[in-house]
Amino acid sequence: MKKLLTATAATALMATTAMAGGHAKEVKLGIIFGFTGPIESLTPPMAAAAELAMKEATDSGLLLDAATVTPIRADSTCIDSGAATAAAERLITSDGVNGIVGGDCSGVTGAILSNVALPNGMVMISPSATSPALSTAEDNGLFFRTAPSDARQGVVMTEVLMEQGIKEVALTYTNNDYGKGLADSFQGAFEAAGGTVTISAAHEDGKADYSAEVGALAAAGGEKLVIAGYVDQGGSGVMRAALDSGAFDTFHFPDGMYGAKLEENFGSEIDGSTGQLPGTDSPGAASMISMGEAAGFDGTSSFVGESYDAAALIMLAMQAANSSAPGDYAGKVMDVANAPGEKIYPGELAKALQILKDGGEVDYVGATAVELIGGGESAGNYRQYEIKDGKITTVKFR
């Protein structure tokens, strides 16, 4: 999967670095998330978490030559690859970023990687792009992700449902790279475990009426309806139509369906529904919650810890390489993410930067028990939950 960064790309990146040796008094990091689009309610706390890590590094005065880290936001839209590509190009050519936290949704992330990051030799660490297809995308060692692939989520979903005694489900998915990849992964794992998927049907986001889709799902039947969609978009539309028609009253939700809107818009109507999203009960997760509260954002929201960790990994890799040039620090990301080294948690970036400055090693555990495997994939941990009395209630961690 990972290939060495070409000499040409490395040279080009070094040439754009503000100061010799890759040092700059200002380090710019792009944050390219869907601030508009189907996950717009999830992205503000994600961005806030990434920016919190950047502020922490800046305040320490220890990153490179006491560099100031400046976040620059850009809108991926989550769904428009053309717009996402243009936004990423602006981050590099106009804003001069030294690394990118993002993209967010899988389709736009793949487009940014192939059309922008590769030609420009830019490091990307995505906190939330989970398509299995990204595992084999050509990336020249520039692309990493702190959220696990949906190949893993499909297996976890299967385990959760089987433990509940659910052997037959209907499945609907948002018609894009994320939805199709997750649906295929889940169906393969569920059927291999002896389950039956009565129907696997795509739905389009942005529709006012999903009664036709629900009619087909209801005709196929199933003990639960699995919705691999977005809580801000068609996933909730399908669920509302299913509830109103009486077709289904319990559901199972992958990560794109997690959010405060489950409680706000459905509450006890969906009691007994279940789901999972990347998450851990590690000490770092508790730190992220308290740090989020202090900073004014929800530390339990989807992909918040992963966003903090993505930003932290970029900055720690820079410190390990003693350079903010992507061609220099890309090869250090795996080193700072994994053992050996002193374990580092959220709020301890100053400690990590000092260790690296002194020539030591760190094992960044972060908010999500970071462990990068293969060519930069997250090994993956999940939080399983259930809707009880209209509230999202954690059941266990996997």
**Item:** For segment 159-242, size of Cβ-based charge dipole, Lys and Arg +1, Asp and Glu -1, in debye
**Value:** 160
**Item:** segment 333-373, accessible area per residue, ligands and nucleic acids excluded (1.4 Å, Å²)
**Value:** 41
**Prompt:** Dipole of the chain (Lys/Arg Cβ +1, Asp/Glu Cβ -1, origin at the Cα centre): which of Ile314, Gly82, Asn175 lies farthest to the positive side?
**Reply:** Ile314
**Complete:** In degrees, nearest 10, the alpha-carbon axis of helix 7-16 is tilted away from the dominant principal axis of the alpha carbons of the chain by 70
**Prompt:** Quick one: with all protein chains in place, what share of the accessible area of segment 334-388 is carbon or sulfur, to the nearest percent (1.4 Å probe)?
**Reply:** 48
**Request:** At q = 0.10 Å⁻¹, work out log10 I(q)/I(0) for segment 186-293 with the Debye formula, treating every Cα as an identical point scatterer and leaving solvent out; two decimals please.
**Result:** -0.33
**Rel. contact order, % - alpha carbon contacts under 8 angstrom, at least six apart, the chain** = 19
**Three-way shape call for segment 45-104 based on the alpha-carbon gyration tensor, with the a/c threshold at 1.5** = oblate
**Karplus-derived 3J(HN,Hα), 6.51/-1.76/1.60, for each residue of segment 331-348, Hz, glycine and proline x** = x, 9, 4, 5, 5, 6, 7, 10, 5, x, x, 6, 5, 10, 10, x, x, 10
**Request:** Kindly sort Ser94, Ser81 by accessible area of their heavy atoms, largest first, with the probe set to 1.4 Å.
**Result:** Ser94, Ser81
**Top of Ala50, Ala208, Ala83 by mean-square fluctuation, Gaussian network on the chain, Cα under 10 Å** = Ala208
**Request:** Quote the relative contact order of segment 40-94 in percent (integer), defining contacts as alpha-carbon pairs under 8 Å separated by 6+ residues.
**Result:** 20
**Message:** If I ignore ligands, DNA and RNA and count only protein heavy atoms, how much of Lys25 is accessible to a 1.4 Å probe, in Å² to the nearest 10?
**Reply:** 120
**Request:** Pick out which of Thr68, Thr93, Thr250 has the largest mean-square fluctuation in a Gaussian network model of the chain, springs linking Cα atoms closer than 10 Å.
**Result:** Thr93
**Asked** By how many degrees, 0 to 90 and rounded to 10, does the Cα axis of helix 150-163 deviate from the longest principal axis of the chain?
**Response** 40
**Net charge dipole size for the chain [Lys, Arg +1 and Asp, Glu -1 on Cβ; Debye, nearest 20]** = 680
**Message:** Just to confirm a number: summing +1 for Lys and Arg and -1 for Asp and Glu over residues other than Gly359 whose beta-carbon lies under 14 angstrom from that of Gly359, what do you get?
**Reply:** -2
**Asked** For segment 210-273, what is the accessible area per residue in Å², given a 1.4 Å probe and the full set of protein chains?
**Response** 32
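How large is the accessible surface per residue of segment 50-176, computed with a 1.4 Å probe and reported in Å² as a whole number?
That works out to 30 Å² per residue.
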**Request:** Roll a 1.4 angstrom probe over the protein heavy atoms and tell me the percent of accessible area of segment 148-250 that is carbon or sulfur.
**Result:** 47
**For segment 69-78, Karplus couplings with θ = phi - 60° (6.51, -1.76, 1.60), whole Hz, Gly/Pro x** = 9, 10, x, 10, 7, 9, 9, 7, 6, 6
**Complete:** The farthest towards the positive end of the charge dipole of the chain, of the residues Gly375, Pro132, Gly110, given +1 on Cβ of Lys and Arg and -1 on Cβ of Asp and Glu, is Gly375
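Beta carbons within 10 angstrom, averaged per residue: use that to sort the peptides 195-204, 176-185, highest first.
Highest-to-lowest ranking by the protection proxy: 176-185, 195-204.
The values are calculated or read from the model by the stated rules, or taken from the named source; none is laboratory data. Being a predicted model, the structure only gives us computed values, none of them experimental. So basically every Cβ, Gly included, is an ideal-geometry build from the backbone, and we count neighbours across all protein chains shown. Quick note on the areas: whole protein, heavy atoms, side chains included, nothing else; ligands and nucleic acids left out. Shrake-Rupley method; radii C 1.70, N 1.55, O 1.52, S 1.80 Å.
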